[in-house]
Amino acid sequence: MSLDDTISTHSEGHDHGHHEAPEVVDSRERFGVWLFIAGDMVTLGAIWFTYLYMRGTNTDGHWMSMLGYQGHSYAWYENALNSSAGLPAATTIHVGPMSAGLIWLVALVVAVSAGIIWWAEKLLRESKNAKAFSNIALLGTVVVLLAVILSIVQLRHIPSIFVANNDSQVMAYTGYSSAMMMIIGVSMVHFIILAFLGLGLAIRSARGAITGEKWFQARLVRIFWVWVAISTLVTTLLTVMVNKL
Amino acid sequence: MSTSTIEKTVHKGNASGGGLARRQNFLTGLVGGIIFAWLFWWIARLVGDQSSRSFSDLTATSVTLGWLFGFWLGIGALNGPFRWLIGRDQTREDQLYYAGENLGVSRYWKFTTDHKVVGVQYIVMTMVLLGAGGILAMAIRTNLITPGNHFVNQQVYNSFISMHGMLMILGMIVAVAGPWANFVVPIMVGARDMAFPRLNALSLWTLVAAAALLLTTLAVGGLPVGWVILAPITNQAGVGMDFFAMAIVVFTVSTTVAGVNTLATVVKMRTKGMTFTRLPIFVWGSIIAAALGLYAFPYFLLAEVLQLMDRNFQTSFYVASGGGTGWLQANLFWMMGHPEVYVILLPAVGAIFEIAAVMSRKPVFSYKTAVGGMVALAGLSILVWAHHMFTTGWAPTLGGPFMLTTELISIPTGIFFLVLIATMWRGNVWFRLPTLWVYGFIFDFVIGGVTGIYLSDIPIDNQFHGTMFVTAHFHYVFAGSVLFGAVAALAFWYPKVTGRFLNETMGRISFGLTFIGIQVTFISMFLSGLKGMPRRYSSYSMLFEHTNFITTIGGYTIMAGMLVLLAAVITSWKHGEASGPNPWHANSLEWMVPTPVPLENFDVLPVITEDPYNFAEKVDH
């Protein structure tokens, strides 16, 4: 290989100053999105591993129970500490699984939002109607924001147990509750990213950056959105089916 | 290329592009990070429950989040996403400004997207990380020079051990892949830049943010729990643990982004005729490591997220009283931990193959076997993690299978030696500085590899686990092999970065000191381990006195070698012997472009007609 016989006038350029065909840029960006999804898949696998490992190990039978105090508060703790008897002995408190209905509802909402975005993209590519796309993308964003709100509701209802000793008190979480907090938290981060992307699609299409001819970014977002919806559904199936021992 | 064209700095800057980025640089990043760290600290104290046992952890974690957000905001990392959101894409002038056109030296302090600038920034970051880790190594060895020496107290010593380990690991991860997968890989494949230039800059500056968090750990109580940060002992650590865990979370974001970028660049941006079998072998090392990193680092990310949740939100992932288990952390850590060894090693192996072929004027021996060996090594590495847990009692029935998979690793590793030696065998070897470090790599990697086979054997591991033998083994792999690969790559591609050779005399002195230092340090450390000296102890029995004294002297010798190398890098940058664009008479594309390499590498993209190792041209050395 020498300079003379390897360099020729191959004019396919890249980025800063050189023009690149939109299809070339799209192909590269789509590959990048799939690579990020691959990384996300490994993370999801690690999350499933964590959930199943904790459930399977069930250390000291504490997957859904823990030594603590039922329904007590900081004020109760202070009073107990100041009393002559001191803190009573902790008892094993059991927590039940979280509402399967709410878990499924979140998954359903995300699936619906993915369907909306898919529909919006299809409409854009077929009817070239950027204004309609903008409105429908905004609708998808609102729906996924609903999933964010529902996730916050879920986080507030994760069963916790009042744990205390002579030095401190805290609301602590069993293995099951911990795993659910992780899953809901990670899902919520994904939903927030989707909301950002959806809002971006809506604004960009309203400003003419996404049109019936320039629809590649809509497809990129849709690919990631559908992946998040599928992973949410599968994780929901796992956590609802596999929670009791 | 005339030497007079080397690094002429023009300060007039791009005429109209850049927007807000014109006012953003490392300093504004630093200021933004500090302001937002303080702001988040203030909010955490305002809304947090001060009677809660996790209050200090919540405050510390908030500070780390504030730092990251503020640093990203200040350096300009969030400009792109924000502009995308509001539909104001960058103009061509903006892109040229971000690429550092006509910005002179200041482009190295900015969120610059040009892959060559990012490569140089990675060289500096590697030196910072390895330098900081090296200073801690000297403190550790000074403490161990005699039994009962108290150069630092035991808690500080423990923190130094942890921080030395993690700084060196992070430094090694980026030592070859960071500078060279950025600087030369896009040119090698015939591309004008990385696939995602902004993500490239993001990965670099996110690494800077992570390094700052990691180093701050020492100032906020340290990390006296060992570098593998095994639970539940981590529960006893102070807020330094929160800083450390967040540093790892941020670091995994950086490596994931970098890995995606490298893979997309090579898969999607190869020029016409650059088939996969015509790729320079270093490119293979880089992309296999990138793919492996994409698999491995999510485990580390999750392990540290769970750590943060246990500390901040009273979850029970690693707490037995709540249904968790320390083995979960051990599994997640080592599922990352062993593939990570090859994320570190493979780019170095690729660079060594590349240099050996060019300096021997011969093709890489059995190119496809070499690539197959790298793929096999990466594949096997994800099936061996439990050999780190042989003595913990976790899943004893799986010991046999994991021993087998670990021993199988020696087959692709053996292939590397075969390829390397056969490449150089009867070659017209050009005995310059990069070649010297290649020889050092071969020698040290034999010792590191062979001692690893012993440790894969359960009965032997039961004896050696937790001893200095293990420490010596993996230091032969990292310090003896990867570091030598990294310096070989530096000496080889330095002329392409600067237009000048790395000072040969200083480089040879550095090699001599480092090579001898490695043998003195780690052979005596093997002997300490064989006699039963445990790892991580701040003091030891008189039985180990002589070998530890020798190890410390060897450690100082390595440091002296590295300081000479640092001096060579600095002095050669401006005053080294001019090299011209292709000093090694190599055939791969990075040597076909002028030095300094122009902004977009190629005026017209090349078409490749043959592989880069056809050395028909006679070269008089």
Of the listed residues (B:311, B:361), the one being more than 9 Å from chain A (Cβ to nearest Cβ) and surrounded by 24 or more Cβ atoms within 10 Å (Cβ to Cβ) is B:311
Within the stretch B:341-386, residues being over 23 Å from residue B:179 (Cβ atoms), in a helix (DSSP H, G or I) and of a type in the set (D, E, K, R) number 1
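Results for (1) in contact (Cβ under 8 Å) with a residue 24 or more places away in the chain; (2) closer than 30 Å to residue B:224 by Cβ; (3) open to solvent by less than 10 Å² (accessible area, probe 1.4 Å), shown as yes or no for each residue.
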| site | (1), (2), (3) |
| --- | --- |
| B:240 | yes, yes, yes |
| B:246 | yes, yes, no |
| B:250 | yes, yes, yes |
| B:256 | yes, yes, no |
| B:265 | yes, no, yes |
| B:268 | yes, no, no |
| B:287 | yes, no, no |
| B:290 | yes, no, no |
| B:300 | yes, yes, yes |
It is to be established whether one or more residues within the stretch B:548-571 are in a loop (DSSP other than H, G, I, E, B), open to solvent by less than 40 Å² (accessible area, probe 1.4 Å) and of a type in the set (Val, Ile, Thr). no
Residue B:169 fails exactly one of (1) assigned to a helix (DSSP H, G or I); (2) open to solvent by less than 20 Å² (accessible area, probe 1.4 Å); (3) in contact with a Ser or Thr (Cβ under 8 Å, 6 or more places away or on another chain), namely (3)
query = Yes or no: residue A:206 open to solvent by 30 Å² or more (accessible area, probe 1.4 Å) and within 8 Å of another protein chain (Cβ to nearest Cβ)?
reply = yes
Of the listed residues (B:97, B:157, B:108, B:122), the one being without any contact (Cβ under 8 Å) to a residue 60 or more places away in the chain and of a type in the set (Ser, Thr, Tyr) is B:108
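The rows are residues; the columns are (1) within 20 Å of the chain's Cα centre (by Cα); (2) in a helix (DSSP H, G or I); (3) more than 14 Å from chain A (Cβ to nearest Cβ).
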site	(1), (2), (3)
B:195	no, no, no
B:203	yes, yes, no
B:227	yes, no, yes
B:244	yes, yes, yes
B:253	yes, yes, no
B:260	yes, yes, no
B:263	yes, yes, no
B:267	no, yes, no
Given the conditions (1) farther than 19 Å from residue B:308 by Cα; (2) open to solvent by 80 Å² or more (accessible area, probe 1.4 Å), every one holds for residue B:19 apart from (2)
**Message:** Take the conditions in a helix (DSSP H, G or I), farther than 16 Å from residue B:215 by Cβ and open to solvent by 30 Å² or more (accessible area, probe 1.4 Å) and apply them to residue B:83. Does it pass?
**Reply:** yes
Residue set B:538, B:579; condition more than 14 Å from chain A (Cβ to nearest Cβ), farther than 30 Å from residue B:274 by Cβ and crowded, with 19+ Cβ neighbours inside 10 Å; output residue B:538
Quick check on the stretch B:97-109. Is at least one of its residues within 14 Å of chain A (Cβ to nearest Cβ) and either surrounded by fewer than 15 Cβ atoms within 10 Å (Cβ to Cβ) or within 30 Å of residue A:168 (Cβ to Cβ) (or both)?
no
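Can you name the residue in the stretch A:63-82 that is in contact with a strand residue (DSSP E or B) (Cβ under 9 Å, 6 or more places away or on another chain) and part of a loop (DSSP other than H, G, I, E, B) and, of all such residues, is nearest to the other protein chains (Cβ to nearest Cβ)? Working first, answer last.
Step one: of the stretch A:63-82, the residues in contact with a strand residue (DSSP E or B) (Cβ under 9 Å, 6 or more places away or on another chain) are A:64-74, A:76-78, A:80-81.
Adding the requirement that they be part of a loop (DSSP other than H, G, I, E, B) leaves A:64, A:70-73.
On the way: A:64: 8, A:70: 16, A:71: 17, A:72: 15, A:73: 12 Å.
So, considering only residues that are in contact with a strand residue (DSSP E or B) (Cβ under 9 Å, 6 or more places away or on another chain) and part of a loop (DSSP other than H, G, I, E, B), the one nearest to the other protein chains (Cβ to nearest Cβ) is A:64.
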Those strands (runs of 3 or more DSSP E) completely within the stretch A:83-178 that have 2 or more residues that are under 17 Å from residue B:316 (Cα atoms) and open to solvent by less than 60 Å² (accessible area, probe 1.4 Å) are A:161-164, A:169-172
Just one listed residue, out of A:51, A:69, is aromatic (Phe, Trp, Tyr) and more than 17 Å from the chain's Cα centre (by Cα), and it is A:69
Going through the stretch B:488-532 in order, the residues found to be on the phi > 0 side of the Ramachandran plot and surrounded by fewer than 24 Cβ atoms within 10 Å (Cβ to Cβ) are B:532
Note on the stretch B:43-68: residues open to solvent by 20 Å² or more (accessible area, probe 1.4 Å) and more than 14 Å from every other protein chain (Cβ to nearest Cβ) are B:43, B:45, B:46, B:47, B:62, B:63, B:67, B:68
Over the stretch A:20-77, the set of residues open to solvent by 10 Å² or more (accessible area, probe 1.4 Å) and of a type in the set (Val, Ile, Thr) is A:24, A:25, A:33, A:42, A:43, A:57, A:59
Among the residues of the stretch A:142-193, the number that are within 11 Å of chain B (Cβ to nearest Cβ) and closer than 21 Å to residue A:223 by Cβ is 3
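Per-residue answers, yes or no, for (1) closer than 18 Å to residue B:207 by Cβ; (2) assigned by TED's automatic domain parsing to the domain that holds residue B:258:
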| position | (1), (2) |
| --- | --- |
| B:88 | no, no |
| B:91 | no, no |
| B:96 | no, no |
| B:100 | no, no |
| B:103 | no, no |
| B:107 | yes, no |
| B:111 | yes, no |
| B:128 | yes, yes |
*In the stretch B:137-156, is there at least one residue being out of contact with any Pro (no Cβ under 9 Å at 6 or more places or on another chain) and either basic (Lys, Arg) or not assigned by TED's automatic domain parsing to the domain that holds residue B:581 (or both)?*
yes
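Residues are listed down the side, and each one gets a yes or a no for (1) within 27 Å of residue B:483 (Cβ to Cβ); (2) among the hydroxyl-bearing types (Ser, Thr, Tyr); (3) at pLDDT 95 or above:
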residue: B:278; (1), (2), (3): no, no, yes
residue: B:290; (1), (2), (3): yes, no, yes
residue: B:332; (1), (2), (3): no, no, yes
residue: B:336; (1), (2), (3): yes, no, yes
residue: B:342; (1), (2), (3): yes, yes, yes
If I filter the stretch B:41-55 for residues that are closer than 25 Å to residue B:310 by Cβ, within 33 Å of the chain's Cα centre (by Cα) and among the aliphatic types (A, V, I, L, M), do I get at least one hit? no
Flagged in the stretch B:270-285 as of a type outside the set (Ser, Thr, Tyr) and open to solvent by less than 50 Å² (accessible area, probe 1.4 Å), in numbering order, are B:273, B:274, B:279, B:280, B:281, B:282, B:283, B:284, B:285
Just one listed residue, out of B:346, B:398, is more than 12 Å from chain A (Cβ to nearest Cβ), within 30 Å of residue B:446 (Cα to Cα) and touching a residue at least 40 places away in the same chain (Cβ under 8 Å), and it is B:346
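The values are calculated or read from the model by the stated rules, or taken from the named source; none is laboratory data. These figures come from a predicted structure and were not determined experimentally. Cβ sites come from the backbone with ideal geometry, for glycine too, and all protein chains shown count toward neighbours. SASA here: full protein model, heavy atoms, side chains in, ligands and nucleic acids out. Shrake-Rupley method; radii C 1.70, N 1.55, O 1.52, S 1.80 Å.
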